[in-house]
1. Which net charge results when you count Lys and Arg as +1 and Asp and Glu as -1 among the other residues whose beta-carbon is under 13 Å from that of E20?
2. Putting +1 on Lys and Arg Cβ atoms and -1 on Asp and Glu Cβ atoms, find which of H51, G32, P70 reaches farthest to the positive end of the dipole of segment 27-73.
3. Count charges around I42 for me, please; just the other residues with Cβ under 14 Å from its Cβ, Lys/Arg as +1, Asp/Glu as -1.
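None of the figures in this text is laboratory data; all of them are computed from the coordinates on show. Every value quoted in this text rests on a predicted model; they were computed, and no experiment measured them. Don't worry about glycine lacking a Cβ; one is built from the backbone with ideal geometry, like all the others, and counts go over all protein chains shown.
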Amino acid sequence: MTNFCDLCMMHDMQPEHSGELISPTAAARLLGKSHTTVLRWIESGVIEVAHRWPSGKVELRRSDVLALVPGSPEAQAQAVAAHPAGGDA
């Protein structure tokens, strides 16, 4: 008998990126925000959806969520990528 995970693998439904995936609820806990706020940020594009299941469930990259935490290594890396040294000022 084939289980759901096997079906996902057969139909290439796995995310095509690396990094730990977390739920919007886990993201809300990490950010100290409400679940509703995280869902609004997803809808408005503040947080990118890493994977959307056919059921509608979404998963987010943990690194994308942590990039929203001021002072985190992910936020610092994002700032450097957005404003590389030697660029036009």
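1. Result for the local shell: -1.
2. Farthest towards the positive pole: G32.
3. Once all neighbours under 14 Å are counted, the net charge is +1.
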